[in-house]
Every structure is written in structure tokens, then in C-alpha cells.
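Only one structure is covered here, and it is reproduced in the block below.
The values are calculated or read from the model by the stated rules, or taken from the named source; none is laboratory data. Just so you know, these numbers come straight off a predicted model, no measurement behind them. Cβ coordinates were reconstructed from backbone atoms using ideal geometry, including for glycine residues, and neighbour counts include every protein chain displayed.
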Amino acid sequence: MLDSMNLRSSSLRVSIRQPDGGATHAPPFELALARAVARARDLVNLPASALTPTLFADRTAELLLPLGVSVARRDAAELEAQGFGGITAIGKGADNSPVLLELAFGEDAAECTFVGKGVTYDSGGLSLKSAEALMDMKSDMAGAAALVAVFSLLTQFAPGRSFRAVIALVENMPGPKSVRPGDVVVLRDGSTLEILNTDFEGRVILADALALAAESHPASIIDLATLTYAAHHALGSRYAALVASDERLTEALTDAGSRSGDLVWRMPLQPELDEQIRSDIADYKNFPGKAEARVSTAALLLHQFVGGIPWAHIDMAGPAFKTSVDAFSASGGTGFGVRLLTEFIARGGAGRR
């Protein structure tokens, strides 16, 4: 069964140092990995009413704190006071306030900081989605769920190493305080963003999260997000779109995808499309205004906030959630990204300083 799930990988067998200095091989890692994938699936499958940003944060702390992972959280008041204008703007329409989580494993500077999109429900805000599109929007936090699951494994297969994660948790809802199309917000790094379509909220909250991730100067940054319908249309439900500024990260993630079964396909970062992310009244805009190359234009906007740090963006809108059973997974959340990033870390893809 595990083989059919593509969980077999020699890189995921670890050695544990015993108190007497000897080493013994731990049992195969596949079972723990399968449980982590199932944990991510369970989070994605929960109704949005049972997994608000606050409840997601509570579950994360309950799971990770006993495993030696630090979990720090910022509430709505802190986010507003500390300049997270994108996350604050998207969260204003909901009764359930936004939360920003920072996960830390290890004491040294991070080999990699991961960033996760955690929209626990995405109605589209005032740019409301269609009734059909609303049905599975509880799954728009699949990137965040995958990162929580990966961090639950680090103590078992990456002892002595250091990783960080920034997870932006919001509900995107219409309401009397909702951000309006045409509003301009000030982001964490001080740049301004014109919000023209509130259903393009993922890149707005990720801009803040990426800017925070860059402040600690990790060796690399990887974001994981159910970001664009365009990625699903282009690649279907087996591949996530990969856009990266760094060849080494690209190769390492592509290899990890092939080995783990969480497949990625590289798509271009196109600087010639810069005019599609530039606003006439602000530094940037969140809606390109054209239907073409939307995976690339979304990534191009995100790239502005990583401060030149080697970076990769994984748009998992296609494989994160399925509406029917197939040979690879049950319907609902798939746990995509857990095996990919675990394999990536285990093979040293993050790159030690």
C-alpha cells in the first residue's frame, strides 16, 4: 500500500544517536510520513466553521509544541500595528480575525523559511465567487496544512538542523468592513498595493508573509499555496506549478517531486510581464487585468517581496484537493506538498549554510 502511494524513499531512513554514542537505524520512515500526509488531509477536509484562523493556530500549537517546534502567533491588533496591511485588509470582512503564525525548528539560522497560504475559507470577498466555485473553498489553506504536517516530522528526520515557516491565516469574506476593489494597502515592507479584485487575495497575504520571511535572511525561501485557477487549467490535478528564481532550488524540488510522487512542473518567471503587476496609483496591483500567463504574473508579484533571496513558488491549486476518488488519493484534501518538502529537506535540497 505504501509503495502504491509513492512513499518509499531511501533518503527518509534516519539514524538516531543513542545515549551511549552508538547509532541504530530507526524503523522505516514511511509510516510516520503517511500519518503526516493524513494529518494534512484531515485539516483540509475540516469544515471552515471548524477551522477558523484562530482554531487552525490552536491546533498547530497543540501538535507542534510537544515536538520541539516553537509556535509564535500575531493576532489582528498586532498585525495592524506591525504593518501587515495585506493580511489585515483581506481579513477585515470576516468575523473571524486573521492570525499570523511563525514556526521555528532548531536554534541556528534557517536553511530555508517556508511560507504557507492559509485562507481557511475563500468566498472571494466583495469580488464574490460563483456558487459552484464556493463549494470547495474550505481547501484554500492546503499549503498551510502541508507545512504544519512537515514540521511535525522534523524532529524525526532533521535533528540538528534549522527551519522556519511563516503561515498567514485569514478568512476572505464579504462584509461591511471588507476591503474594496480600488483600495490601496501598505504592506509589511512599506510598499503599496492596489487591490482591484478581492478574489486575488492569496498574493496579497503572501506578500506580507514573504516580506517577513525575508527579514531574517534565510538561505532560501519556498512558498506553498493554492493560488491560481490558471495552474490547475494548465497542469491538471497531478502537477503543481513551480516558478523559481534559483536553478538549484528548481532542480532539488523537481527531483524531490519525482521521488515522492508530489510532482511539480516548472513554469517561467517572466519579467517582461512587469507592467501587469504595476499600478498607476501604487507600487503594485493584485489583479493583472489580462487572462494570459496568470501563473507567471502571480509569481512575478510574489518575487518582489523576497529581497533577492533564492526563492521558489509552488502553486498547488490543481493537486491539493480532488472532488472524486482516483488511483492516487481519495476525494477531498490530498496532502500534497508533505511528501515533496519532506523529500526535499531529507536530501539536503534546502542547502545548509
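Confirm whether Ser49 is closer than 14 Å to Arg339 by Cα and either modelled with pLDDT of 95 or more or exposed (fewer than 11 other Cβ atoms within 10 Å of the Cβ) (or both).
For Ser49, the condition - closer than 14 Å to Arg339 by Cα and either modelled with pLDDT of 95 or more or exposed (fewer than 11 other Cβ atoms within 10 Å of the Cβ) (or both) - is not met.
If I go through the range 65-91 residue by residue, how many of them are more than 25 Å from Lys285 (Cβ to Cβ) and buried (at least 17 other Cβ atoms within 10 Å of the Cβ)?
The qualifying residues number 4.
Report whether or not Leu79 is within 22 Å of Ser178 (Cα to Cα) and assigned to a helix (DSSP H, G or I).
yes
Yes/no per residue for (1) out of contact with any Ser or Thr (no Cβ under 7 Å at 6 or more places or on another chain); (2) free of Cβ contacts under 8 Å to residues at least 24 places away in the same chain; (3) closer than 27 Å to Phe344 by Cβ:
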residue	(1), (2), (3)
Glu80	no, yes, no
Gly93	no, no, no
Leu100	yes, no, yes
Asp108	no, no, yes
Val115	yes, no, yes
Thr120	no, no, yes
Ser130	yes, yes, no
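Could you go through the range 50-62 and let me know if any residue there is of a type in the set (Lys, Arg) and within 30 Å of Gly190 (Cβ to Cβ).
No: zero hits.
Regarding the range 92-111, can at least one residue be identified that is part of a helix (DSSP H, G or I) and either under 17 Å from the mean Cα position of the chain (by Cα) or aromatic (Phe, Trp, Tyr) (or both)?
no
Only residues that are under 26 Å from Ser329 (Cα atoms), within 18 Å of the chain's Cα centre (by Cα) and among the hydroxyl-bearing types (Ser, Thr, Tyr): list them for the range 42-77, please.
Thr52, Thr60
Only one of (1) more than 16 Å from the chain's Cα centre (by Cα); (2) surrounded by fewer than 24 Cβ atoms within 10 Å (Cβ to Cβ); (3) touching a residue at least 24 places away in the same chain (Cβ under 8 Å) fails for Glu343. Which number is that?
Failing condition for Glu343: (2).
Can you tell me how many residues in the range 306-325 are more than 24 Å from Asp108 (Cβ to Cβ) and touching a Ser or Thr at 6+ places or on another chain (Cβ under 7 Å)?
Looking only at that region, the number is 11.
Name the residues in the range 326-349 that are assigned to a loop (DSSP other than H, G, I, E, B), of a type in the set (A, V, I, L, M, F, W, C) and either in contact with a Ser or Thr (Cβ under 6 Å, 6 or more places away or on another chain) or modelled with pLDDT of 95 or more (or both), would you?
Of everything in the range 326-349, just one residue is assigned to a loop (DSSP other than H, G, I, E, B), of a type in the set (A, V, I, L, M, F, W, C) and either in contact with a Ser or Thr (Cβ under 6 Å, 6 or more places away or on another chain) or modelled with pLDDT of 95 or more (or both), namely Phe336.
I'd like to check something: does the range 246-269 contain any residue that is out of contact with any helix residue (DSSP H, G or I) (no Cβ under 9 Å at 6 or more places or on another chain) and either within 22 Å of Ala76 (Cα to Cα) or among the β-branched types (Val, Ile, Thr) (or both)?
There is at least one residue in the range 246-269 that is out of contact with any helix residue (DSSP H, G or I) (no Cβ under 9 Å at 6 or more places or on another chain) and either within 22 Å of Ala76 (Cα to Cα) or among the β-branched types (Val, Ile, Thr) (or both).
Tally up the residues in the range 269-289 that are out of contact with any Lys or Arg (no Cβ under 8 Å at 6 or more places or on another chain) and within 22 Å of Asp122 (Cβ to Cβ), please.
Counting residues in the range 269-289 that are out of contact with any Lys or Arg (no Cβ under 8 Å at 6 or more places or on another chain) and within 22 Å of Asp122 (Cβ to Cβ) gives 2.
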